[in-house]
Each structure stands twice: as structure tokens, then as C-alpha cells.
Amino acid sequence: MPMLSQLQDSYRSSSTVSLPAEIMVMILVHAIAEEKAAAKAEGRSPHSWMKYLHICGTWRDLLHTVSTIWDDIEATNSEVAEYMLTRGRARNPAVTADFHEHCDVDVGGTGDKVLRVLKKESSHIRSLKLVMPGEMWQCLGQCAVPWTFERLDFLRIEAPMMEGSPTHLPFLAPDLKHLRSEGFVPAAVQQALSPSLRTLAIHCFDFTQMADIMAVLQAVPRVEKLAMMFCLEEDMDDGGIAQMARLPSLTNLDFFIFSTKHIELLASLHYPDSTFQAFHLVPYDWSTSELIEGLSRTANEVIGKHDLCHCTFRTLKPKGLLISFSRLPQVAIAQWPQFSMTLLHYQVEEEAGIMDKLAEYFGPSFAAIENLSFEELAVRSTASLDSWKVLFRAMPRVIKWEVLKEAEANSRATEVLNQMLFDEVRSMVSNRLAGYDSEKDPEEFDE
């Protein structure tokens, strides 16, 4: 701790006594930032900076006037957490309580004590990140009296995936604006939702009911950014979707599609067609999947209406393909595209069938493409190259293409692809020119 040592030496020599309070505060804040960074890098306690409180009463009084150093609270110790929330001067406390790695989860243990403090001081907390093992969440869910977070603006909760999601979250947050939930079924977070919510992300691998999803979406009519990943049972008899969710303020939608049930749910959502949409297709079996056909109805309408004539391809490792449509090349590269879909976890032998379905069902969208970009390209075999040819033949208006990032191992594939695209465009140009000047040799238009 060089800064701390220097300050201690300076104090002993009395050279800091005459410094103006404003200057001394600036020095202390800088020293604390340095100490926090060093403690994190070295794996030491996040509260080591509190040593500064014990140098002298003057320094302690000065530090109590700086609210920003008290706002960031790592709740790994109940006594420190309580001190910072009560005797500190935090104006917008942002609390992180992560007990997932190692914690005494028994009653009276470290985790239990910290939770008691957070519940007691919940009315002061502005931001909360709570990461706990399943048994702690189950215990918390049995609380008869809910926690009320009067000022809570941001909430992030995490439970271990694949261990059985907690079914109840006893939180009330009337002014909550942002919620990110990982490992909870949607019904568990419904009580914490607020009509003023602006950002909602729910990621869960457990099966859930359609009615619970609709209840959650109907509870957040002002949501602007929505990200959802959950599983629906195909044979669940829910009587169809008789309701709809209206989301007039939605600007960003990120949605995982595992089955046709998800396609049905998507059709029941009403949001602006200008929403930036990103879909991730993860079927149980690509050979029998109807997801491409189901999503194509939404895609063709949006892509055609907004004249999204630029298409970007990116192969994902180990087995995936990202296709995005945008109005300008720069949008596809630097910003979230207007419409994108990710095809995940398919085998090489399934690629031909996937490309056939894309060419068939996304035909209207691909037919309007004028510019192509390849952020990464992986053509694994001759059969794979033939599959791509099928897709490119569905793009008769392409006049420009570029490979933005090329792996060295795929240089040959890129060369073949460029030649293939060149031949397609050259043939198209030749056919067009034939009607104007049948005497002109197409070779003159190679450039």
C-alpha cells in the first residue's frame, strides 16, 4: 500500500495538517481508489481501504463527508455492511453480496447475518446484486414478510443453473427500473416487478408455463429492453394463447427460441416494428425443426418494411451462425443490427438442410440484399460450400461483398467464396447488359 504508507509518514511529520480540507479529501479519495484496485488484484479484503478511518479523527471526519466512497458496498461481512449502510454517508448505496463461491449458509452463519442486515436496511439500498446458492434462496423464499426496497432502482439476482429454480422471491420494489434474473423461473420474480420497469432480463433453463410468461410481460408495460431465455414444454396443454402483451415502449428485444411454443408466444407480443430484434434459434432437432419457417414471418415483414438491404454473416464456434440485417453496413458492424438471428448447435451434416430452409422461407428478405459482409467465415468442406451456394443464389441483387475478418485457416475457403460470388454477380450483370447491348463482351465488365 504505497499511498497509505506515504500518507501515514506525511501525517507523522505534520506536513498534511495545514493542507486545505478539499485538497486532503482529493488525496484520500485517490489513495482509496488505489487501495481498492490493489486489494482486488491481490485477492485481499474489499474493505482494506477502511484502514484510513483509523489513522486519525480528522481523516475519519473528512472521509465521512465523501458519499461516493460509501456507495460501493461489498457485503461480505455483516458488521462492515451495517456500518457502511448506517454510519457511513452513502447516498445511493450499491450493494453486492456474492455467496456463490464460498459461504457459511447455515442459520447464524456469515451469509445469514449479511442477509439480516440487508433486510433491516433495505429501505436505503439503491442497487443490489445478490448471488447465492440454491439452499439460501429456498430459505429466503420462505419469508412470511416480504422485503420492501423503497428506493431500489437496480436488482440483479443469480441462482445456480440446473439445480432447480427458486419459485418465490419475497421482494417488493415499487420503483424498480432494471431487473436481471438468472436461474429463476419467471413466476418467481413477478412480485418484484414494477410498472415503471425499463429493463428486464430473465434467463432460466427450467421449464415454465406460458401463462406465467404472459403475466410477467403484462406487468411491465413500459419496458424498453427485454431479454428472455426459458424452456416451454411442447406437450403442455395450455389451451393456446388467448392473451397478448402490449409493449409500446420496447426498443430492444433479445429472445431465445427453443420450440414452436416460443414462436406462438412471439406472435402474442405487440411492440413497435422499429424495435431492434435479436433471436437465437436453438431447436431440439434441426432436421425436423420448424423454427426458421416460424420466425420468417416476422423477419420478412420487418426487413422488407425497413429496407434492410445489408446482410452480415458470422460463423460462431464451435457450431453456429449469426445472420444480421441492417440498413447500412456501419450499423451491422458497430451497433446492434435492426434484425438478427443466431442459429446454434447444428451439425455439419445438418448445414445443407438449414441453408435450404433459409433460402426458401427467408427468400423475400435475401432477395432484397445488395451488400454482404462476412465478419468471420468457416466453410468446413465441399458439401458446406455447396450449402452456401444455395443460400447465395437466393440473393440476386448482391452487388458488393467484403470479408471483414478472416481466419488464416479459412483463406482457401474465402478465395473460393469470393470467386463464387464474383461469378454470380458477373453472370447477373451480363444478363442485364444483354438486353441493352448484345454485341458487348461480358469480359469487359470483369472489373
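In segment 97-114, which residue that is assigned to a loop (DSSP other than H, G, I, E, B) and either under 13 Å from Gly134 (Cβ atoms) or within 29 Å of the chain's Cα centre (by Cα) (or both) is modelled with the lowest pLDDT? Only one residue tops the list, namely His102.
Within the group Met84, Met26, which residue is closer than 23 Å to Glu158 by Cβ, of a type in the set (A, V, I, L, M) and modelled with pLDDT of 80 or more? After ruling out the rest, the residue left standing is Met84.
What strands (runs of 3 or more DSSP E) completely inside segment 229-322 contain at least 2 residues that are buried (at least 18 other Cβ atoms within 10 Å of the Cβ) and not assigned by TED's automatic domain parsing to the domain that holds Tyr361? Quick ask: steps written out before the conclusion?
On the way: elements: 252-257, 276-281, 310-316.
It comes to 252-257, 276-281.
Among the residues of segment 31-57, how many are farther than 22 Å from Asp98 by Cβ, without any contact (Cβ under 8 Å) to a residue 40 or more places away in the chain and surrounded by 12 or more Cβ atoms within 10 Å (Cβ to Cβ)? Count: 3. Filtered by the rule that a residue be assigned to a helix (DSSP H, G or I) and either among the β-branched types (Val, Ile, Thr) or within 16 Å of Met24 (Cα to Cα) (or both), segment 55-72 gives Gly57, Thr58, Trp59, Arg60, Asp61, Leu62, Leu63, Thr68, Ile69.
Residues that are of a type in the set (A, V, I, L, M, F, W, C), buried (at least 20 other Cβ atoms within 10 Å of the Cβ), in contact with an Asp or Glu (Cβ under 8 Å, 6 or more places away or on another chain) and in a loop (DSSP other than H, G, I, E, B) do not occur anywhere in segment 195-215.
Just give me the residues in segment 73-89 being surrounded by fewer than 21 Cβ atoms within 10 Å (Cβ to Cβ), part of a loop (DSSP other than H, G, I, E, B) and touching a strand residue (DSSP E or B) at 6+ places or on another chain (Cβ under 8 Å), in sequence order. Of everything in segment 73-89, just one residue is surrounded by fewer than 21 Cβ atoms within 10 Å (Cβ to Cβ), part of a loop (DSSP other than H, G, I, E, B) and touching a strand residue (DSSP E or B) at 6+ places or on another chain (Cβ under 8 Å), namely Thr76. If the condition is being in contact with a Pro (Cβ under 9 Å, 6 or more places away or on another chain) and among the β-branched types (Val, Ile, Thr), then segment 44-79 contributes Ile73, Thr76.
The values are calculated or read from the model by the stated rules, or taken from the named source; none is laboratory data. Quick caveat: nothing in here was measured; it's all calculated off a predicted structure. Methodologically, a virtual Cβ is constructed for each residue, glycine included, from the backbone with ideal geometry; neighbour enumeration extends over all protein chains shown.
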